[in-house]
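Please treat every number below as a calculation from the coordinates, not as lab data. Just so it is clear, the model here is predicted, and its values are computed rather than measured. A quick note on method: Cβ atoms are made from the backbone with ideal geometry, for glycine too, and the neighbour counts reach across all protein chains shown.
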Amino acid sequence: MPYTTTHVLISILLIELYIHFFVTDKKTVPSHYLLIAAIGGVLPDLEYIVQYPNLHAAFMHSLFTPLIFFVIGILWLGGGNFSRKYKLPFVFFCFSVMSFVHILLDIVLKDGAPLLYPFSMTITSYHLFSYLPGDYIVNFIIFDSILLFLWIFWLEFKIGLSKQVLKEL
């Protein structure tokens, strides 16, 4: 399984890219959305917090977890706001997408996931990191380091770009 750091960094990078490319008025996006994305990215590993051992191997890593968040977001779409800073449907959509990305990372990189639990306990996994030379733990550390530097470069690009736009004004 990828480290928690991997899930958090991928989630943060994805929400940053989403905001950059798809949100027209970036001033309306609170920075708390990064935290929401990070939480969504680690939600399937909730069993580590609650110490329920069978939860990981089952429901939390099935496709039903992101589906439930998505359905809640759809149902709440007509509802009110969580607060001024959070639009509740967006929070659930973010949880849905980031938990789905979490499951994909687990499938592609290491352990896999029982996608159709409780109907099937078949674990789908590709173990891509097992094809890399060296120890897989070291490979995950290198992967996390690369993700961290990508995020730092992204922040520099975003802040540097903002400074350039402010100079032109």
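Here are a few things to note about the model shown:
- Cβ crowding within 10 Å ranks Thr122, Thr5 as Thr122, Thr5, fewest other Cβ atoms first.
- Annotation: amide H of Thr124 within the under-5 Å range of Ala113, Leu115, sequence separation 5 or more or interchain, hydrogens built in the peptide plane.
- Applying the Karplus relation 6.51 cos²θ - 1.76 cosθ + 1.60 with θ = phi - 60° to the stretch 120-132 yields 3J(HN,Hα) values of 8, 9, 5, 9, 8, 7, 10, 6, 4, 5, 6, 7, 7 Hz, where x marks Gly and Pro.
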